[in-house]
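The values are calculated or read from the model by the stated rules, or taken from the named source; none is laboratory data. Fair warning: this is a prediction, and the values are worked out from it, not measured in the lab. When we count neighbours, we look across all protein chains shown, and the Cβ atoms used for this are built from the backbone with ideal geometry, even at glycine. These area figures cover heavy atoms from the full protein model, side chains too; ligands, DNA and RNA do not enter into them. Shrake-Rupley method; radii C 1.70, N 1.55, O 1.52, S 1.80 Å.
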Amino acid sequence: MSQTVKNGIPTYAVQTPPASPKRWWILAVVAIAQLMVVLDATIVNIALPSAQADLGFSDANRQWIVTAYALAFASLLLLGGRIADLFGRKTAFLVGVVGFAGASALGGAATGFGMLVTARALQGVFGALLAPAALSLLNTTFTDARERARAFSVYGAIAGAGGAVGLLLGGLLTDALDWRWTLYVNVAIAVVAFAGGWTLLANHRDAANSKLDVPGAVLVAGGLFSLVYGFSNAETHPWGSPRTWGFLVAGAVLLAIFSWWQNRAAHPLLPLRVLLDRNRAASYLAVLITGAGMFGVFLFLTYYLQLNLGFSPTKTGVAFLPMVGALMVTAQLGTTVLLPRIGPKTVIALGFAVATAGMAWLTGIGLGSHYLSAVLPQLVVIGVGLGLVMPPAMQLATGGVAAEDAGVASATVNAMQQVGGSIGTALLNTLAASAATDYLAGKDATSRLVRAQATIESYTTAFGWSAGFFAAGAVIAFLLYRRGTRQPSVEGAPVVHM
């Protein structure tokens, strides 16, 4: 990586290696692996009632089927990304695929609650190794700017739409077969991903001369675990409970100490040079906000479609497909056409603004609403907006980093999305429950009509706050992203302003 100084600002030009002739096949393999990880954020949700009836665990324990995965995944992502840099991305990718498949098979064969929770936690552990390895492989494989934009449009579309695809696949498997197949399906996907990875990938060790920052790994794992655990507890405990605010404070303190330590460590787990690029930092925030806001679409709209409109799990998954289609189309448009021409300040801010409009429009649902008029158009608008946010933000969040930092930069993207989802889960659940309680105050709570309307109030409140998240994202994107487009260096690689 060479350095020049312009207007007093050091500029680093990353040397561009030759493009891999297998790069499009590698994209397919990476996309399959990423789909497997993203699916598991929602695919099990639809199967939870069936799993609960089969294994006989309580409503209070049900959340741990989801939370166990989120805790392990979020807390170990940065460590997983650094392991990929140190020991080779192919090795990390293949170990992650095999481990994820094994944990999925264990969960599918679960005979009790403890076994299922253990399997879900193990899925999170291996997912934390697999996800950053997959994204960093994409980042280092595609060196041509146009091809890289096209590849990230595919990857970003999967990251953004994977939750909806998980709902569809979870519904199909639960209806047609059994809840266990929402876990067993990962084994089939993993076989394809492993075969492709073994055949196509080279095992680069770009940070082989560095050492693992053990204190940093412990601090960031503890900090992210406490943060996600605190927000998860907010679903079942009041915000004044020590199990909520105590863990949130502990998470903030540990992450602050981690930041201090990264300035002093000889081989930092997350080199601060990764965060100092203005566009990259803005992209991390964009991914965080998108993760928080998207929760309002997937969870509460799923409730509305199934409980109020009477959709089956399969029909619910199909209902999300128009959003997926819109997201994929605008993902291509945003990364390959708009971003290179007008830059992220306009593209990503516009995407958030469109998503805001779609979510605000969705607050108009009622007891007598119909899918075709009150849900479908809104989903398409939301998909258009998110397609202009997620793929460009992911591309900018990992672009321009040195090869030895690709894994940890990719892990930070995944961590932002996971923490954002945890924040959205806690805040929107709390706000929705409060809205329902407020509506019932002074009314006949035994009336079915009143209870049904209270439920609608909870949904529209969640949608309104999700719109607020996206609106904040539009403002932040407009303020933080640099004007114009990223200028290539003389070597043709992206320029990183430090």
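Details
- Within straight-line reach of Lys22, meaning a Cα separation under 21 Å, sit the following lysines at least 8 residues removed in sequence or on another chain: Lys90.
- For the range 184-200, 3J(HN,Hα) computed residue by residue from phi via the Karplus equation (6.51, -1.76, 1.60; θ = phi - 60°) reads 4, 4, 5, 5, 5, 5, 5, 4, 5, 5, 5, 4, x, x, 4, 7, 9 Hz, glycine and proline entered as x.
- Three-way shape call for the range 259-412 based on the alpha-carbon gyration tensor, with the a/c threshold at 1.5: prolate
- Note on the range 333-489: with charges restricted to the Cβ of Lys and Arg (+1) and Asp and Glu (-1), its dipole about the Cα centre is near 360 debye.
- Heavy atoms of Thr336: accessible area, 1.4 Å probe, square angstrom to 10: 50 Å²
- If you take all other residues with their beta carbon under 13 Å from the beta carbon of Leu480, and give Lys and Arg +1 and Asp and Glu -1, the sum is +4.
- Reachable lysines from Lys345, criterion Cα separation under 25 angstrom, eight or more residues apart if same chain: Lys6
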